[in-house]
Ligand SMILES: [Zn+2]
């Protein structure tokens, strides 16, 4: 059982603030807000059309600009009555083994949010309202690169409030019989991931990356979701992956990659797991200063890890980022020219 400590204002209004009192200023020699790196939002509304991976239903998603301290919220435009907004936040995540699903108290949900969340985190976008006309985000090409391309081609708008980050102060970990995940103190955002699949096309893969300096855009954003051919029939029988194709997921069968064109990276699978983890960690409500390790981890485990962090008041603190800290966050050093030329 995980203990939940709410650190955010849970009002139904779209705006929310990290509410732990006055944040400390990170770095040296900065004692006021002026001149600090500022929060951002998207420059203009950006629309994406596709199908839901699991539902197979058409889906239109629009990322709209939002003001300072708004955070990331979703809004269901296909529902006319009641509370249709859902915060992209760890404490409204519902257990779902194959994707990240959030649900508000009115029961309104949206699923498969992790790739657009990774794109926002990786591009350093702190505030946005994401409108969606159904219960599942479009899968696009199975990676985050269409969202990254859309965000960076339209540009990121600077706002008038400093960037807040969640600094990990003590190691926090969660374990299951199959794997584990951990967050440890680090003056930056970095990630190590390890996976081990019986299919030789995936096999054992490990990777460690510092996510500053545009690393997410260069190294991770084009890596696609993947599955084993042996699992496709099982998922279909459960009503999952109905929108899956060989084009929007890497399908492997033993040593064979069934998707046309093969892999985008030899270790595309572990890169995608890191992409997923970055998106899921952004549900903390702010960028995390820390080192994430995932050992055969998935969406549920990363969410359990966030719940464990926020259950321990001594494990983290909120900081206002100075230039030195902001330069170590995933949105730092992002260049549109470095978007992989795929899809
Ligand atoms: Zn994914």
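The values are calculated or read from the model by the stated rules, or taken from the named source; none is laboratory data. Small disclaimer: the values here were computed from a predicted structure and weren't measured. Ideal geometry is used to build each Cβ from the backbone, glycine not excepted, and the neighbour counts take in all protein chains shown.
Structural remarks
- Exactly one residue among 203, 124, 142 is more than 16 Å from the ligand (Cβ to nearest atom) and either farther than 17 Å from residue 295 by Cβ or buried (at least 24 other Cβ atoms within 10 Å of the Cβ) (or both), and that residue is 124.
- Residue in the range 184-196 that is surrounded by the most Cβ atoms within 10 Å (Cβ to Cβ), counting only those that are touching a helix residue (DSSP H, G or I) at 6+ places or on another chain (Cβ under 7 Å) and more than 20 Å from residue 316 (Cβ to Cβ): 193
Residues are listed down the side, and each one gets a yes or a no for (1) free of Cβ contacts under 8 Å to residues at least 40 places away in the same chain; (2) more than 11 Å from the ligand (Cβ to nearest atom); (3) surrounded by fewer than 19 Cβ atoms within 10 Å (Cβ to Cβ); (4) over 22 Å from residue 292 (Cβ atoms):
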| residue | (1), (2), (3), (4) |
| --- | --- |
| 214 | no, yes, no, no |
| 218 | no, yes, yes, no |
| 225 | no, no, no, no |
| 239 | no, yes, yes, yes |
| 253 | no, yes, yes, yes |
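- Members of the range 285-298 found to be surrounded by 24 or more Cβ atoms within 10 Å (Cβ to Cβ) and either within 16 Å of the ligand (Cβ to nearest atom) or assigned to a helix (DSSP H, G or I) (or both), listed by number: 292, 294, 297
- The range 141-159, residues that are more than 18 Å from residue 64 (Cβ to Cβ) and touching a strand residue (DSSP E or B) at 6+ places or on another chain (Cβ under 9 Å): 141, 142
- Selection status of residue 113, under 17 Å from residue 286 (Cα atoms), within 16 Å of the ligand (Cβ to nearest atom) and modelled with pLDDT of 95 or more: yes
- Close pairs (9 angstrom Cβ cut-off, 6 or more residues apart or separate chains): farther than 16 Å from residue 326 by Cβ and free of Cβ contacts under 8 Å to residues at least 24 places away in the same chain in the range 113-127, in a loop (DSSP other than H, G, I, E, B) and within 11 Å of the ligand (Cβ to nearest atom) anywhere: none
- Selection status of residue 277, within 16 Å of the ligand (Cβ to nearest atom), buried (at least 23 other Cβ atoms within 10 Å of the Cβ) and under 19 Å from residue 124 (Cα atoms): yes
- Breaking point among (1) at pLDDT 90 or above; (2) under 28 Å from residue 95 (Cβ atoms); (3) within 16 Å of the ligand (Cβ to nearest atom), for residue 243: (1)
- Test: residue in the range 179-199 that is in contact (Cβ under 8 Å) with a residue 24 or more places away in the chain, more than 28 Å from residue 39 (Cβ to Cβ) and out of contact with any strand residue (DSSP E or B) (no Cβ under 9 Å at 6 or more places or on another chain): no
- Residue identified as modelled with pLDDT of 95 or more, within 16 Å of the ligand (Cβ to nearest atom), closer than 16 Å to residue 287 by Cα and buried (at least 24 other Cβ atoms within 10 Å of the Cβ) among 118, 181: 118
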